[in-house]
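Worksheet: the structure to be examined is printed underneath.
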Amino acid sequence: MARESEFLALGDEALRAVIGPNSRHIALIEDRFKVLVETPGGGVSINGSARDRAQAKRVIETLADRAETGAEITEADVRTALGAAVAQPRAGQGSIAPDAVALPVGRRGAIAPKTAAQARYLELLSRCELTFGVGPAGTGKTFLAAAYGASLLRRGQVDRLVITRPAVEAGEKLGFLPGDLNEKVDPYLAPIWEALNDILGPDDVRRRRDKGEIEAAPIAFMRGRTLAHAFIIVDEAQNLTKLQMKMVLTRLGEGARMVVTGDPSQIDLLNARDSGLSHALRILDGVQGSGVLKFQAQDVVRHAMVERIVRAYDADAAAQAAGKPTT
């Protein structure tokens, strides 16, 4: 197959992002598609077969577009773009529309979906009163929920951001932990606080918490409440019982929206069949105003190793379900 060269013009910021630290990003692109990528100035030259050049070009254009929005380009972004280019061989198929939903600019640059699944997730968040984001760790389901909630809060489209999740991982009851309610709950909500601190900044998060615009509470404190004009994040929902799930879903009040996130493969309840997440997904399927986005292993954006770990566990679970011996 003939190998030819193609030049792609890039701005300085985009070019630096595509090259990466010590040319690491270019090395990943070259290794995946068996192309030669050079930087003669003003852009990149891609040498390889027509198919390999087209895939490498899509990756480079994706990274360049993200860099031009002000986003920081990491190795995880490159690996995500590589996977998307392989999974979407035709130009425009499953394309990502980062401007479809306005998100805030975080401390590390503009926040935008990194995968087609994340773009569909944000579209559901903007369209549905109740959204389920389920799938393995590292797919961005909680971070994007926090980013979307923060954007609604900043624009005044909701009065409050309410965050809740079950506290079962440590095997301790909140009443035995030291401190006030916030000090008891905060350790369980560390991933969301990290996301909000990155999006809004620690000072703004602290100020909004003091004003009651951002509220964190354990599931038990949701009972009997009606949450109006709020964006509610229910995290780690696989550890809610069926009764707890029904209770928290029915807290929706006027002008409120809710996102429920979780990973059905990481249930920490004593009896996994008590989990309310899978039950809710089944009985609410097709209910008007609700939407579900199921992330897969290929949607992991945290680290390449995380995707490989998830795939290994999925393969083991499938083998056990089929009754095959595992080592």
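The values are calculated or read from the model by the stated rules, or taken from the named source; none is laboratory data. Keep in mind that this is a model prediction, so the values were computed, not measured. A quick note on method: Cβ atoms are made from the backbone with ideal geometry, for glycine too, and the neighbour counts reach across all protein chains shown. Accessible surface areas use protein heavy atoms only, side chains included; no ligands, DNA or RNA. Shrake-Rupley method; radii C 1.70, N 1.55, O 1.52, S 1.80 Å.
Computed values, structure above
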{"quantity": "For the range 190-327: rounded, prolate or oblate by the Cα gyration tensor [a/c cutoff 1.5]", "calculated": "oblate"}
{"quantity": "Long-range HN-HN contacts of GLY255 with modeled amide H, under 5 Å", "calculated": "HIS229"}
{"quantity": "In Hz, Karplus ³J(HN,Hα) per residue of the range 236-243 (6.51, -1.76, 1.60; θ = phi - 60°; x = Gly, Pro)", "calculated": "6, 5, 5, 9, 8, 6, 4, 5"}
{"quantity": "Under Karplus coefficients 6.51, -1.76 and 1.60, residue-wise ³J(HN,Hα) of the range 192-206 in Hz, glycine/proline x", "calculated": "6, 5, 4, 5, 5, 4, 6, 7, 9, x, x, 5, 5, 4, 4"}
{"quantity": "Interchain or long-range residues, amide H under 5 Å from THR39's placed H", "calculated": "SER45"}
{"quantity": "Amide H within-cut-off set for LEU240, under 5 Å, with H built and near neighbours excluded", "calculated": "GLY276, LEU277"}
{"quantity": "Gap separating the Cα centres of the range 198-233 and the range 1-35, nearest whole Å", "calculated": "43"}
{"quantity": "Percent accessible area from carbon and sulfur atoms, the range 202-327, protein chains only, probe 1.4 Å", "calculated": "51"}
{"quantity": "Calculated FRET efficiency for the pair THR69/ARG127, C-beta based, R₀ 30 Å, to 0.05", "calculated": "0.85"}
{"quantity": "Theoretical gain in end-to-end length, ARG311 to HIS229 [0.36 nm per residue, Cα-Cα removed]", "calculated": "25.6 nm"}
{"quantity": "Under the Karplus curve 6.51 cos²θ - 1.76 cosθ + 1.60, θ = phi - 60°, whole-Hz ³J(HN,Hα) for the range 16-26, x wherever Gly or Pro sits", "calculated": "5, 5, 5, 5, x, x, 6, 6, 5, 5, 5"}
